[in-house]
1. Residues of the stretch 238-260 being under 22 Å from Glu282 (Cβ atoms), in a helix (DSSP H, G or I) and small (Gly, Ala, Ser), which ones?
2. Farther than 29 Å from Ser24 by Cα and polar (S, T, N, Q) - does that describe any residue in the stretch 183-193?
3. Taking the stretch 79-93 as the region of interest, how many residues are open to solvent by 40 Å² or more (accessible area, probe 1.4 Å) and touching a residue at least 12 places away in the same chain (Cβ under 8 Å)?
4. Among the residues of the stretch 114-125, what is the count of those that are without any contact (Cβ under 8 Å) to a residue 24 or more places away in the chain and of a type in the set (A, V, I, L, M, F, W, C)?
5. Give the residue that is farthest from Met254 (Cα to Cα), with candidates limited to residues of the stretch 183-200 that are touching a residue at least 60 places away in the same chain (Cβ under 8 Å) and open to solvent by 30 Å² or more (accessible area, probe 1.4 Å).
6. Within the stretch 201-210, identify whether any single residue is farther than 16 Å from Ala142 by Cβ and open to solvent by less than 50 Å² (accessible area, probe 1.4 Å), and answer yes or no.
7. Mind checking which residues of the stretch 141-171 are open to solvent by 10 Å² or more (accessible area, probe 1.4 Å) and either closer than 23 Å to Tyr257 by Cβ or small (Gly, Ala, Ser) (or both)?
8. Only one of these is farther than 22 Å from Ile252 by Cβ and at pLDDT 95 or above: Leu160, Leu66, Leu130, Leu117. Name it.
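The values are calculated or read from the model by the stated rules, or taken from the named source; none is laboratory data. Just so we're clear, the structure is a prediction, and the values are computed from it rather than from any experiment. We place every Cβ from the backbone using ideal geometry, glycine too, and count neighbours over all the protein chains shown. To get the accessible areas, we keep the full protein, side chains included, count just its heavy atoms, and leave off ligands, DNA and RNA. Shrake-Rupley method; radii C 1.70, N 1.55, O 1.52, S 1.80 Å.
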Amino acid sequence: MTVTISGRTGIYAVIGDPIEHSLSPIMQNAAFNALNMKCIYTAFRVKSSDVTNALAGMRALGVLGLNVTMPHKEAVIAHLDWIEETAKFLNSVNTIQLKDEKLLGYSTDGIGALMALRENRADPQGKRVLILGAGGAARAMAYALIKEADEIAILNRTVLEAEKLSETLKSKFNKKIITGSLSPESIREKIKDTDILLNATSVGMKPNINQSLITPDNLKADLTVMDLIYNPLETQLVKYSKAAGARVISGIEMLIYQGAAAFEIWTGQQAPVQVMRKAILEQKCWSVGYERRGISVSSWRSNNC
């Protein structure tokens, strides 16, 4: 479907700095097209000094929804009329809706991680989860998963940050939370009884594609591994995990499901997840197939690569 732009066209966008790399326009426009909705989604580079103006512009121009990426997830909060409980707890908003002339803030990062696990046959209910990192993505995942998991361990280079996150979670949830450093010794000891491993650090991200916090001897076949990094799609951790026979979930899955959650907040309609996934994978010149142990993603070349 080709959208004819008119005065009735619904406008949505993502803001951040930088923003040129964002895959959200590809994914969200595919969803709008699939449902024959007269909407378009674009990307705006917004400097930190212009966040106030950007939110005022959203309200004044009637932009119906925004996604918010780094470094503005916290800064936008001061300009919203209401934020939901999860976003308030995380002090982070990645989705804004304009409704009845009010700006409403949400966080879909955590639900994105939870749905990525569930939809790839790795329900965290009653499981032991190990999270590497204690930054924004780790906080969102921990908040979403602690309601389901039996135990969560958080390892971070700065142990104090892991402990702060733990204390914050313990103040709200009566669950077992373990903290520690990202040392090889701590990882080796904790991963022994882990069911689900989540990498929320930047280790292994392009251009440092040969790096991994986990060595092959620490991995096992009855482990589920999700690396939030999707550039490259197959990080060194993912390669090691596949070789060990572990269930592997691509970082692209969290991107898709957090985007799907935002789409549903804005539109009230069920997001066409398969359409969104296909659009991203084709844009990145990737193909995806499903194997018995989970998602296997391999790169391929086309004339557009």
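1. First pass over the stretch 238-260, keeping only residues under 22 Å from Glu282 (Cβ atoms): 238, 248-260.
Keeping just the survivors that are in a helix (DSSP H, G or I) gives 238, 251-260.
Across the stretch 238-260, the qualifying residues are Gly251, Gly259, Ala260.
2. yes
3. 5
4. Taking the stretch 114-125 first, the residues without any contact (Cβ under 8 Å) to a residue 24 or more places away in the chain are 118.
Filter once more, keeping what is of a type in the set (A, V, I, L, M, F, W, C): none.
The qualifying residues number 0.
5. Asp193
6. Pass one, the stretch 201-210, residues farther than 16 Å from Ala142 by Cβ: 202-210.
Now drop any that are not open to solvent by less than 50 Å² (accessible area, probe 1.4 Å), which leaves 203-204.
Looking for residues that are farther than 16 Å from Ala142 by Cβ and open to solvent by less than 50 Å² (accessible area, probe 1.4 Å), one finds at least one in the stretch 201-210, hence yes.
7. From the stretch 141-171, those open to solvent by 10 Å² or more (accessible area, probe 1.4 Å) are 144, 147-148, 150-151, 156-161, 163-164, 167-168, 170-171; that's our starting set.
Within the stretch 141-171, Ala144, Lys147, Glu148, Asp150, Ser171 meet the criteria.
8. Unique residue meeting the criteria: Leu160.
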